[in-house]
Amino acid sequence: MMINSRVFNWFLLGIALMLPLSVSAQTLTVYTEDLPPYQIKKRNGEITGFSAELVRALLQRAELKANIRMVPWARAYNSALKQKNTLIISMVRTPEREGLFHWIGQVDKLEYYFYRLSNRQDIQLSSFEQAKKYRIGVGANSFEYEKLTYLGFPYVVSVPTYNQLMAMLKANRYDLFFSADRTFKGMLENSNSNPDSFDIAFHISSINQQMYIAMNKSSDPQLVKRLTNAYQQLKEAGEVERLAQIWLN
């Protein structure tokens, strides 16, 4: 049976128009944790911070909608790992995680330190290995937890939230906090802690990492491409740097 070529062309055009609309119509979920200055939950429930505002700009540029959900890191990570078309911010990119997610765009570069209470002058470190004899606090399922356990640190204290970590450090329930510099400063501000109550015990120059906006590996390829392109457009337009100047300096 012969098909009218004009009708067939209109049929193809209809399909072409419907595909992008189906992608745009989806409401994505962005998972994250409370991690100043990257993600901050205000008293009124609003989620802001550098990464939160960056992902909002990303979604706007990509003409997509999303709900941002702030939960403990272990839950955020597992949800983004298992649920199609979900994003996660801000996640350290590691070789172990490389093939598990799509990496949409970089959030920040990180330098790592061991922190102690300033009155714990008994803790003196001249090497990374010397820290193995101390109790070290990290976030549950975090890069920091994965790194220390992989390197054979025997006394790793894993806690769901950074607020709990700060409270436990102040109470001497562990000895050293292993953290990126901006993360620790954000924790101090978020908990209204006095910076003079803490010292850097050791700068770990051998550990430098990058944090990213990542996406579930099984996500719609059209969404992944759209978001990746949108991030590059934001970067080229100077929007990533503008937000960094506001939140990270």
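Some notes on this structure:
- Debye, to nearest 20: dipole size of the range 45-136, +1 on Lys, Arg Cβ, -1 on Asp, Glu Cβ: 300 debye
- When shorter helices are ignored and each DSSP H run of at least 4 residues is given -39500 (n - 2.57), the per-residue value for the chain at 222 nm works out to -12000 deg cm²/dmol.
- Computed with a 1.4 Å probe over protein heavy atoms only, the accessible surface of the chain comes to 52 Å² per residue.
- Considering only Ile213, Ile204, Ile136, the Gaussian network model of the chain with Cα springs below 10 Å gives its largest mean-square fluctuation to Ile204.
- Among the listed values (1) 0.99; (2) 0.93; (3) 1.09, the one computed from these coordinates for Rg/Rh (Cα atoms, Kirkwood Rh) is (3).
- Relative contact order for the chain, counting Cα pairs under 8 Å that sit 6 or more residues apart, in percent: 29 percent
- Residue-span extension gain [Gln210 to Asn229] - 0.36 nm each, minus C-alpha spacing: 4.9 nm
- Within the chain, longest stretch clear of exposed GluC sites (Glu not before Pro) (DSSP loop, no more than 11 other Cβ within 10 Å): 97-249
- Here's the picture: charge each Lys and Arg Cβ at +1 and each Asp and Glu Cβ at -1 in the range 174-249, and of Asn192, Gln222, Ser205 the one pushed furthest to the positive end of that dipole is Gln222.
- Summarising the amide proton neighbourhood of Phe198: residues at separation of 5 or more, or on other chains, whose placed amide H is nearer than 5 Å comprise Ser118.
- Distance violations [Cα-Cα > 30 Å] among Lys132/Lys217; Lys185/Lys235; Lys133/Lys185: Lys132/Lys217
- The aspartates and glutamates within cross-link reach of Lys42, meaning a Cα-to-Cα straight distance under 17 Å and a gap of 8 or more places when in the same chain, are Glu33, Asp34, Glu53, Glu189.
- Simple Cβ-charge dipole of the chain, Lys/Arg +1 and Asp/Glu -1, about Cα centre, in debye nearest 20: 640 debye
- 3J(HN,Hα) couplings calculated from phi for the range 232-249 with the Karplus curve 6.51 cos²θ - 1.76 cosθ + 1.60 (θ = phi - 60°) are, in sequence order, 4, 5, 4, 5, 5, 7, x, 6, 5, 5, 4, 5, 5, 4, 6, 9, 10, 10 Hz; Gly and Pro show x.
The values are calculated or read from the model by the stated rules, or taken from the named source; none is laboratory data. Please read these numbers as outputs of a predicted model, since none were measured by experiment. No Cβ is skipped: glycine too gets one built from the backbone with ideal geometry, and neighbour counts run over all protein chains shown. With ligands, DNA and RNA removed, areas are computed over all heavy atoms of the protein, side chains included. Shrake-Rupley method; radii C 1.70, N 1.55, O 1.52, S 1.80 Å.
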